[in-house]
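Chemist: Pasting a structure below so you can have a look.
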Amino acid sequence: YEIRNCDWSSDVCSSDLVGVLSLAIGIGDYFLAGDGDPALAETMTGTPWEEMKEVSPHMVNLTDLLSRILGAWLIGFSVLGIGVSLVPYRRGERWAWYVLWSMPLAFLLVFIAFFTADRVPGSPTPPALFSAPGLFAISALALLLPVRTFFGKSNGQSPRSSAEILDADDRASD
């Protein structure tokens, strides 16, 4: 696998990028916790993060814990997505295409959760209201561009099954 050989219309470079970006966000959420996104606390409570540390240390502990848990889940989800995109998706296995739709779906659900949450008027906009739609668009586009690879070409050829791909790989290695 070399990124310089990517054909953005038929390969998964942008899907790999989404996995790496979401992995970086997950790592940041895990290690920085509430300090990584102080605007979120103020958006939801109306109290700036530094003030909340003084006024309600137990709420800060809970927020940190939830940020770390969500960061851990995002790390795992991202590693799984990267693994699927690097091997079976690149081989053109249809199941991998379906599985990778979990990424744009997750970003869309995060956006909806933040968009519909009761936020304090005049408070800062949480970064997820910007990052989630962007990651949704990139990951959905990465899956839509090579759709003919998975569902046949316009000339009527059908895509190869996973078994055909593995057989071809075995013959090539002999």
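Chemist: Tell me which residues, restricted to the range 39-59, are more than 16 Å from Pro121 (Cα to Cα) and within 27 Å of the chain's Cα centre (by Cα). Before you say what the answer is, go through the steps one by one.
Modeler: Initially, the range 39-59 is screened for residues more than 16 Å from Pro121 (Cα to Cα), giving 49-59.
Of everything in the range 39-59, just one residue is more than 16 Å from Pro121 (Cα to Cα) and within 27 Å of the chain's Cα centre (by Cα), namely Trp49.
Chemist: Here's something else I'd like to know. Starting from residues that are in contact with a helix residue (DSSP H, G or I) (Cβ under 7 Å, 6 or more places away or on another chain) and without any contact (Cβ under 8 Å) to a residue 24 or more places away in the chain, keep the ones in the range 41-78 and report whichever is surrounded by the most Cβ atoms within 10 Å (Cβ to Cβ).
Modeler: Ala41
Chemist: Could you tell me whether Ala72 is part of a helix (DSSP H, G or I) and over 25 Å from Gly19 (Cβ atoms)?
Modeler: On the way: part of a helix (DSSP H, G or I): yes; over 25 Å from Gly19 (Cβ atoms): no.
Answer is no for this residue.
Chemist: Would you mind telling me which numbered condition in (1) surrounded by 18 or more Cβ atoms within 10 Å (Cβ to Cβ); (2) modelled with pLDDT of 90 or more Phe114 fails?
Modeler: Failed condition: (2).
Chemist: Residues in the range 31-87 that are at pLDDT 90 or above, charged (D, E, K, R) and within 30 Å of Leu143 (Cβ to Cβ): how many?
Modeler: Matching residues across the range 31-87 total 1.
Chemist: Filter the range 124-152 for residues that are outside any helix (DSSP H, G or I) and open to solvent by 30 Å² or more (accessible area, probe 1.4 Å) and give the result. Steps first, answer last, please.
Modeler: Step one: filter the range 124-152 for residues outside any helix (DSSP H, G or I), giving 124-127, 145-146, 152.
Pro124, Thr125, Pro127, Leu145 - these are the residues of the range 124-152 that are outside any helix (DSSP H, G or I) and open to solvent by 30 Å² or more (accessible area, probe 1.4 Å).
Chemist: Run Val120 past the list (1) surrounded by 19 or more Cβ atoms within 10 Å (Cβ to Cβ); (2) not in a helix (DSSP H, G or I) and report the number of the one that doesn't hold.
Modeler: Failed condition: (1).
Chemist: Now a separate question. Among residues belonging to the range 80-99 that are part of a helix (DSSP H, G or I) and open to solvent by 80 Å² or more (accessible area, probe 1.4 Å), point out the one that is nearest to Ala33 (Cα to Cα).
Modeler: Initially, the range 80-99 is screened for residues part of a helix (DSSP H, G or I), giving 80-86, 94-99.
Those still in the list that are open to solvent by 80 Å² or more (accessible area, probe 1.4 Å) too: 80, 94-95, 98.
Details: Leu80: 22, Arg94: 37, Trp95: 34, Tyr98: 32 Å.
Only one residue fits best here, namely Leu80.
Chemist: Of the residues that make up the range 100-109, is at least one at pLDDT below 90, assigned to a helix (DSSP H, G or I) and either touching a helix residue (DSSP H, G or I) at 6+ places or on another chain (Cβ under 7 Å) or open to solvent by 50 Å² or more (accessible area, probe 1.4 Å) (or both)? Working first, answer last.
Modeler: Taking the range 100-109 and keeping what is at pLDDT below 90, we get none.
No, the conditions are met nowhere in the range 100-109.
The values are calculated or read from the model by the stated rules, or taken from the named source; none is laboratory data. Please read these numbers as outputs of a predicted model, since none were measured by experiment. Every residue, glycine among them, receives a Cβ derived from its backbone with ideal geometry; neighbour counts consider all protein chains shown. SASA here: full protein model, heavy atoms, side chains in, ligands and nucleic acids out. Shrake-Rupley method; radii C 1.70, N 1.55, O 1.52, S 1.80 Å.
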